[in-house]
Amino acid sequence: GPKFPQVVVLVGATGDLSRRKLLPGLFHLCSAGFIPACRIVGVSLDDLDAAAFRRLAREAVDLFFVRPVDEAAFAAFAEMLDYVPLSGGAPALKDAVERAEAAIGAESRRLHYLSVPPAAALPVVRLLGEADLVARSRIIMEKPFGTDLESARLLNRKLHEVFPEDQIFRIDHFLGKEPAQNILAFRFANGLFEPIWNRNFIDHVQIDVPETLGLGQRGAFYEATGAYRDMVVTHLFQILGFMAMEPPTSLEPLPISEEKNKVFRSMVPIEPRDVVRGQYNGYRAEEGVDPESDTETFIALKCAIDNWRWAGVPFFLRTGKRLAEGQRIISIAFREPPKSMFPVGSGVGAQGPDHLTFDLADATKMSLSFYGKRPGPGMRLDKLSLQFAMRDTGMLGEVLEAYERLILDAMRGDHTLFTTADGIERLWEVSTPLLEAPPPVRLYEPGSWGPKSIHQLVAPHAWRLPF
Ligand code: BG6
């Protein structure tokens with residue numbers, strides 16, 4: 001954890017992310033002793049006082065904290081919480097932060113967490129400047145960072161007028177997931193896989209993140225954002241970066257982001273014909289949604305990385321709301337052997353190609369599936385697999401939730417698992433053809449796997465899910 005006491009200014013403190021992840025995460029970090037001393041100043045448009053904010057935090061912990069809640073620990077945490085409404089402006093905010101600092105000592109550092117939609121990011125940055133809360137501070141910017149190339153550039157420019165780059169942490173919580181970091185360990189700590197990690201052995205890659213979840217309370221945010229900006233240009237592309245990058249010269253922040261950004265530079269801009277946009281039946285009746293909305297709640301696409309390692313290897317990405325299953329998998333399909341001596345009907349190839357699959361759940365799983373012989377007479381083949389499950393190791397309790405991990409890293413000033421201005425701007429640039437001419441949304445039924453045309457998108461391959 002960080003060496004110094006921390007004042008966290010949590011902007012968007014009453015929002016969905018704050019309740020689901022940030023407040024429960026901060027509760028865990030504080031009560032498990034990761035942070036030497038802490039105060040949290042909640043800020044949002046809502047007109048609350050500290051007592052009401054503490055109640056909100058309690059509800060959030062009751063609903064979303066995954067460990068048993070220790071009453072004494074929660075009482076201590078509640079003491080750390082204060083609240084100021086945005087309507088108080090810079091003076092009220094400055095006051096509250098100074099009070100918090102007085103409580104935990106002059107050595108303390110500040111962490112501003114902007115859990116706000118893209119359109120609110122700049123005004124909040126300006127407010128922090130006005131309140132003179134820049135020194136000894138770091139700032140976490142939630143995704144999506146901007147809504148297109150132009151707005152991301154503007155946001156970066158304006159942000160730099162207030163905060164220097166080394167104080168800025170653009171968060172993408174998928175990079176804080178244990179299994180995402182495990183991709184780096186898996187690839188670069190072993191001699192076994194890296195030699196085959198290229199177009200000579202890999203046929204195609206899928207990054208598939210269907211969700212059963214709907215919009216919850218986030219109708220207005222989601223309506224303005226859609227699945228592409230919410231998930232693809234952010235989480236899915238960042239994961240793609242880890243999968244596709246060259247070995248970095250070291251595990252330091254700069255070499256890692258350089259290699260990831262090289263992948264992004266090699267990505268071919270996304271053409272609308274390679275994209276299926278979907279909207280679940282019933283979406284238009286949700287609260288906060290336009291009755292004629294064209295926002296996609298589902299997206300599947302094919303993208304290409306035009307470099308020596310990946311030329312000709314399609315990457316298929318899919319994600320959406322209200323789908324049949326909640327999964328987060330990356331699956332790598334290997335090429336078929338050059339010649340098969342197994343007779344037709346033996347079962348060879350019948351269950352798809354050999355696969356390496358990563359499950360990005362906290363309880364990480366990895367599996368390698370391949371053909372082997374079915375017991376009995378003759379030569380009949382079946383798909384077998386080698387599996388690793390974090391659950392079986394007894395170490396699952398040590399897994400830090402993604403946001404917890406990243407909050408700690410930002411407090412320590414470690415940029416390794418954060419995204420860069422350049423990288424994000426390049427991803428918006430890659431997205432431009434799609435954002436300028438999005439194909440029409442196709443309806444799908446809640447509980448399905450998306451619009452029918454997703455199968456054409458991957459043909460002659462098939463979606464790996466459902467298993
Ligand atoms: C968030 C998106 O960034 O990620 C949500 O805004 C999505 O729409 C969520 O549900 C998924 O994250 P996780 O960690 O639950 O896979």
message = Just to be sure before I move on: is S151 closer than 27 Å to F221 by Cα, of a type in the set (S, T, N, Q) and touching an Asp or Glu at 6+ places or on another chain (Cβ under 9 Å) in the structure I sent?
response = no
Note: among R374, R309, just one is of a type in the set (K, R), open to solvent by less than 60 Å² (accessible area, probe 1.4 Å) and at pLDDT 90 or above, namely R309
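Under the condition of being of a type in the set (F, W, Y) and not in a loop (DSSP other than H, G, I, E, B), which residue from segment 390-449 is nearest to L323 (Cα to Cα)?
Y444
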Here the qualifying pairs (Cβ atoms under 6 Å; residues six or more apart or on different chains; first in segment 344-358 and under 17 Å from F186 (Cβ atoms) and in a strand (DSSP E or B); second open to solvent by 30 Å² or more (accessible area, probe 1.4 Å) and at pLDDT 85 or above) come out as L356/L368
**Study point:** Residue match in segment 211-223 (condition: away from the ligand (no atom under 12 Å from the Cβ) and modelled with pLDDT of 95 or more)
**Key:** yes
Given (1) more than 16 Å from the ligand (Cβ to nearest atom); (2) without any contact (Cβ under 8 Å) to a residue 40 or more places away in the chain, G413 misses just (2)
R391: passes all of (1) closer than 23 Å to T147 by Cα; (2) open to solvent by 70 Å² or more (accessible area, probe 1.4 Å) but (1)
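Yes or no: segment 127-147 includes at least one residue that is within 16 Å of the ligand (Cβ to nearest atom) and either over 27 Å from R19 (Cβ atoms) or of a type in the set (S, T, Y) (or both).
Yes, segment 127-147 has at least one match.
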If we keep only residues of segment 7-23 that are more than 17 Å from the chain's Cα centre (by Cα) and crowded, with 24+ Cβ neighbours inside 10 Å, then the residue farthest from E142 (Cα to Cα) is V7
Within segment 149-187, the count of residues that are more than 27 Å from G226 (Cβ to Cβ), open to solvent by less than 10 Å² (accessible area, probe 1.4 Å) and in a helix (DSSP H, G or I) comes to 1
The condition of being modelled with pLDDT under 95 and open to solvent by less than 60 Å² (accessible area, probe 1.4 Å) holds, among P343, P353, only for P353
- Query: Mind checking whether some residue in segment 344-357 is hydrophobic (A, V, I, L, M, F, W, C) and within 16 Å of the ligand (Cβ to nearest atom)?
  - Reply: no
Note: among R136, R170, R153, just one is of a type in the set (K, R) and over 29 Å from L400 (Cα atoms), namely R153
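The values are calculated or read from the model by the stated rules, or taken from the named source; none is laboratory data. Keep in mind that this is a model prediction, so the values were computed, not measured. Neighbour counts run over all protein chains shown; Cβ positions are idealised from the backbone, glycine included. To get the accessible areas, we keep the full protein, side chains included, count just its heavy atoms, and leave off ligands, DNA and RNA. Shrake-Rupley method; radii C 1.70, N 1.55, O 1.52, S 1.80 Å.
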